[in-house]
1. For the structure I just gave you, tell me whether Gly89 is modelled with pLDDT under 95, out of contact with any helix residue (DSSP H, G or I) (no Cβ under 6 Å at 6 or more places or on another chain) and open to solvent by less than 50 Å² (accessible area, probe 1.4 Å).
2. Take the residues in the range 15-35 that are within 31 Å of the chain's Cα centre (by Cα) and surrounded by fewer than 22 Cβ atoms within 10 Å (Cβ to Cβ), then tell me which one is modelled with the highest pLDDT.
3. Please give the number of the condition Lys220 fails out of (1) among the basic types (Lys, Arg); (2) touching a Leu at 6+ places or on another chain (Cβ under 8 Å); (3) open to solvent by 70 Å² or more (accessible area, probe 1.4 Å).
4. For the range 249-265, name all the residues that are touching a residue at least 12 places away in the same chain (Cβ under 8 Å) and either crowded, with 17+ Cβ neighbours inside 10 Å or not aliphatic (A, V, I, L, M) (or both).
5. Looking for something under 21 Å from the mean Cα position of the chain (by Cα) and more than 25 Å from Ala195 (Cα to Cα) - is there at least one such residue anywhere in the range 162-177?
6. Within the range 232-248, can one find any residue that is under 19 Å from Glu30 (Cα atoms) and in contact (Cβ under 8 Å) with a residue 12 or more places away in the chain?
7. Looking at (1) farther than 30 Å from Lys124 by Cα; (2) open to solvent by 50 Å² or more (accessible area, probe 1.4 Å); (3) not aliphatic (A, V, I, L, M), which one does Asp230 not meet, given that it meets all the others?
8. Quick check on the range 148-156. Is at least one of its residues within 17 Å of the chain's Cα centre (by Cα), closer than 19 Å to Asn267 by Cα and among the aliphatic types (A, V, I, L, M)?
Amino acid sequence: MKSRFLLCLLGFALSAGAQTPTPISIVAAENFYGDVAWQIAGSSAQVVSILSNPNQDPHEFQTDAKTAKAVADADIVIYSGIGYDDWMGKLLGAQGKPTRVVINVSSLIGAKDGDNPHIWYDPKTMPALAAKLGEILHAQAAAANFTASMAPELNKIAELKSKCAGMTVTATEPVFGYMAAALGFNMVNYQFQIAVMNDTEPSFQQTADYEKSLTSHAVKILFYNSQVTDPVTQRMQTLAKNNNIPIVGVTETQPLEAKSYQDWMLNELNGVEAALKQMPTP
């Protein structure tokens, strides 16, 4: 019912008789969702992304009155879910527009609590979001165009997978986990990554296993979250460098220099490709 009412509002705003169309207000918890929303809605919407600074640790984000007002006034709210942006759930608990449509992206792909929360690295996530927005905004053509624009990313994934499927890699946090799986990598030291993500100290055994995977060259690439630095992850990067293991930095939020979500993902994949070329010839 809410989405149908919102659709009527959008149709009214875009009608020939509307002298000053009122843009649909879309608030995205993270800027990569905001970017996709903008690609689907275009000039018919005003899109605000709350987390947009790649130098900010998303896990340390604190809401304020401005953020609360933006969510309360929004026609559409998009957030990740499954524990990544719990602060948004709290804001949604306050009074907002009765016609507000809320999109929990994790529910669109069947992700659940306990899963890796960095779902935007899963190649199927953004097409699902685009389709949902296309349905709500009556912009199916724009959604189809977005999905088609993902072709270079999917082609690059297939190309890299043909070269590295089965290769063992590791990471300081599970940020790149879904993409690593799409590439066919065997990701190890997952519990260590979860501990770092949750800002807790990895156990002695987790740390020892991690170090051994680097010094024994069991892993071929180290992925690290370039938005978060601490002594533990810095030590692992140093150990990787000393053992000539390529290091690839990834970010949780879309960098300011990225032209689009698609551009961001391709840049990350290019980083993987560069790392593969750094590997010594067996």
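1. Spelling it out, Gly89 is indeed modelled with pLDDT under 95, out of contact with any helix residue (DSSP H, G or I) (no Cβ under 6 Å at 6 or more places or on another chain) and open to solvent by less than 50 Å² (accessible area, probe 1.4 Å).
2. So, considering only residues that are within 31 Å of the chain's Cα centre (by Cα) and surrounded by fewer than 22 Cβ atoms within 10 Å (Cβ to Cβ), the one modelled with the highest pLDDT is Ser25.
3. (2)
4. Answer for the range 249-265, where residues must be touching a residue at least 12 places away in the same chain (Cβ under 8 Å) and either crowded, with 17+ Cβ neighbours inside 10 Å or not aliphatic (A, V, I, L, M) (or both): Gly249, Val250, Thr251, Glu252, Thr253, Gln254, Pro255, Ser260, Tyr261, Gln262, Trp264, Met265.
5. Checked against the condition, which is being under 21 Å from the mean Cα position of the chain (by Cα) and more than 25 Å from Ala195 (Cα to Cα), the range 162-177 yields no hits at all.
6. Taking every residue of the range 232-248 in turn, none turns out to be under 19 Å from Glu30 (Cα atoms) and in contact (Cβ under 8 Å) with a residue 12 or more places away in the chain.
7. Answer for Asp230: the failing condition is (2).
8. yes
The values are calculated or read from the model by the stated rules, or taken from the named source; none is laboratory data. Because the structure is a prediction, the values reported are computed rather than measured. Here Cβ is always computed from backbone atoms with ideal geometry, including for glycine, and neighbour counts include all displayed protein chains. Keep in mind that these areas ignore ligands, DNA and RNA; they rest on the heavy atoms of the full protein, side chains included. Shrake-Rupley method; radii C 1.70, N 1.55, O 1.52, S 1.80 Å.
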